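Below is one structure, written out as structure tokens; comments come after it.
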Ligand SMILES: Cc1cc2nc3c(=O)[nH]c(=O)nc-3n(C[C@H](O)[C@H](O)[C@H](O)COP(=O)(O)OP(=O)(O)OC[C@H]3O[C@@H](n4cnc5c(N)ncnc54)[C@H](O)[C@@H]3O)c2cc1C
């Protein structure tokens, strides 16, 4: 099935595909095994303008199309989910500035992110507030032209390697108020009082650092406040509407990568005197995997397209794409391991890594339970 792509989107898809086959796929197993951030891949992406895809040309980027970002993340994820996170988090961490920043803030912060000279991160989650992000405790108090930030964040992707971090914090007086009292700030890693804590040891995406961040009396210029004070929670949720298709694309790519390995293996592996793809049990599994992937692709591209067209349905489309594609990724990667039998369970083949990497897509940027709540809420609104 084909989705209507522009010439620019097709060119980006092809460029990323070729680069990933040549230079990313050979590194994927090692990145996972070492569990280290792949600076070489980050530099490769920067050199080829891949980190510029989420940004429009006026801010130093090469596209700004959400569907182009989706296509690029999908291609990278087919071979290496860890590497796809370099692009998706560059987009996630920049989106609060793109969506909520003034022109001056965009000119100040975006060009070094578009070029890949600097890396971005998005800091919403805290130890006590995950799904209930509005319950955060980190707070900022204004003194003249400065906000003083105190608190901590947890699970921040790229938090230890980022230069520019958008941090959400309470700006009400007692730090106990409503979600409407949250504001968004750009914190730069050199600011005194900012500290990176421990890096988490994880099941998958092991080459993507997940960090605790601490803020002790960090003085942030008021010029780094994004949007009006107290509007940060709305901004955080708008950002997730825009970034969830990227998680769907990551899930889709992982599923496609695992399916390709399983299909190839099933053609070569012989048991009972014939290739295992001649057994109907294996054929049905491959057929179900391919069907689910096709449906996930259509929904994911539709979500990227809806963002580019600024459709009112983006909240629900983004959540549907994220929940569906991530559930597909988990099922397809698990079945891919099954098709490879005992060999699927070994590190010698990439499907066990893909299965471990797929799991996170059901959890971050809002768990799939939260996506279902979002979808239901929008449906109920429509029903009046
Ligand atoms: C590897 C990794 C990277 C991450 N990167 C980032 C990042 O870059 N920036 C960032 O801000 N955060 C990040 N996160 C945080 C992530 O978004 C949260 O982990 C996620 O939102 C869930 O929050 P929690 O872990 O506190 O789980 P909880 O909110 O404690 O949820 C526990 C369980 O309860 C369910 N649950 C909770 N509330 C409801 C409800 N109302 N109805 C039904 N079920 C419910 C959940 O679905 C889940 O199954 C990352 C997390 C991980 C693991």
For residues that are crowded, with 18+ Cβ neighbours inside 10 Å and either more than 16 Å from the ligand (Cβ to nearest atom) or in a loop (DSSP other than H, G, I, E, B) (or both), tally how many sit in region 106-124.
8
Do you know which residues across region 80-97 are more than 18 Å from residue 300 (Cα to Cα) and out of contact with any strand residue (DSSP E or B) (no Cβ under 9 Å at 6 or more places or on another chain)?
80, 82, 83, 86
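Return yes or no: is residue 358 within 30 Å of residue 312 (Cα to Cα) and touching a residue at least 24 places away in the same chain (Cβ under 8 Å)? Write out each step before concluding.
Details: within 30 Å of residue 312 (Cα to Cα): yes; touching a residue at least 24 places away in the same chain (Cβ under 8 Å): yes.
For residue 358, the condition - within 30 Å of residue 312 (Cα to Cα) and touching a residue at least 24 places away in the same chain (Cβ under 8 Å) - is met.
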Residues (within 21 Å of the chain's Cα centre (by Cα) and either under 15 Å from residue 66 (Cβ atoms) or free of Cβ contacts under 8 Å to residues at least 12 places away in the same chain (or both)) located in region 278-308:
299, 300, 301, 302, 303, 304, 305, 306, 307, 308
With the condition kept exactly as written, say whether any residue in region 128-139 is surrounded by 18 or more Cβ atoms within 10 Å (Cβ to Cβ), more than 15 Å from the ligand (Cβ to nearest atom) and not assigned by TED's automatic domain parsing to the domain that holds residue 90.
yes
Only one of these is within 16 Å of the ligand (Cβ to nearest atom) and either crowded, with 17+ Cβ neighbours inside 10 Å or part of a strand (DSSP E or B) (or both): 204, 230, 253, 257. Name it.
204
Filtering region 143-165 down to residues that are in a strand (DSSP E or B), within 13 Å of the ligand (Cβ to nearest atom) and either within 18 Å of the chain's Cα centre (by Cα) or without any contact (Cβ under 8 Å) to a residue 40 or more places away in the chain (or both) yields 153, 154, 155, 156, 157, 165
Checking residue 140 against (1) over 16 Å from residue 188 (Cα atoms); (2) outside any helix (DSSP H, G or I), the condition it does not meet
(1)
Could you please give the count of residues in region 90-134 that are more than 19 Å from residue 73 (Cβ to Cβ) and under 17 Å from the mean Cα position of the chain (by Cα)?
6
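The values are calculated or read from the model by the stated rules, or taken from the named source; none is laboratory data. Because the structure is predicted, anything quoted here is derived from the model rather than measured. Don't worry about glycine lacking a Cβ; one is built from the backbone with ideal geometry, like all the others, and counts go over all protein chains shown.
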